[in-house]
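The values are calculated or read from the model by the stated rules, or taken from the named source; none is laboratory data. Since we're looking at a predicted model, the values are computed, not measured. Here the Cβ positions follow ideal geometry from the backbone for every residue, glycine too, while neighbour counts run over all protein chains shown. Just so you know, the surface numbers come from the protein's heavy atoms only, side chains and all, with ligands and any DNA or RNA stripped out. Shrake-Rupley method; radii C 1.70, N 1.55, O 1.52, S 1.80 Å.
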Amino acid sequence: MDLATDLGHALWPQFHQLVRDAAPQVAVEVGSRARSGNIYRDWLPDTCRYVGFDVHAGPNVDVVGDAHQLSSHLERDSVDVAWSISTFEHLAMPWVAAVELGHVMKLGGLVYVQSHQTWPVHDAPWDFWRFSKFGWDTLFHKYSGFEVIAAEMGEPASVRAHVQHPPTIGLEDQPAFLFSAVIARKIGESDL
């Protein structure tokens, strides 16, 4: 397998195409600070205004704030598209961030979130969660105001315990993936 045929990696360009087809006016990246030099905004149409949102000031950040209080920093129903890459595992309550995304998104707005499914602990002590493709439905559902368009896991991996005992024997033969991702659409207001 290579990245070109990886189902998880296919969601990011799929999201790009959906966004281009929608001709958005405002895009928000949650967790936009270019900590490792990665900037994910160059693919947006020229007519789209980009807002980088992060809990810390830094490169590629326009608004500093907590994702759990996104609607305190951005106008309600003002965002056409939003994405977050390698940030949701660092949120204390990602379900609150999902509802907050719903508050600032316009009806029909698109969201892409990518986070880790299997990954070493990083940015400790601010590393809280791991997500499988099955978990995204628990964050982006009709009660949070969304529907999932697609969810996948990507980059197959192996997990091997340093100590072998009955529960860990053969663990490296079980499916594991380095990340999972979701594309969701806002379909209504949240009841949460």
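Just a few scattered comments:
- Surface share of carbon and sulfur [accessible, 1.4 angstrom probe, percent] for the chain: 55 percent
- Solvent exposure of the chain amounts to 52 Å² per residue of accessible area, where only protein heavy atoms count and the probe is 1.4 Å.
- Amide H contacts of Phe131 (H built 1.01 Å from N, under 5 Å, at least 5 apart or other chain): His116, Gln117
- Just so you know, the Cα atoms of region 54-122 work out to an Rg and Dmax of 12.3, 36 Å.
- Distant alpha-carbon pairs in the chain (separation over 26 angstrom), percent: 31 percent
- The percentage of C-alpha pairs in region 23-84 whose separation is greater than 14 Å is 53%.
- Sequence ranges 158-164, 54-60, ranked by mean other-Cβ count within 10 angstrom, highest first: 54-60, 158-164
- Net lengthening on full extension, Phe134/Ile187 (0.36 nm per residue, minus Cα-Cα): 17.1 nm
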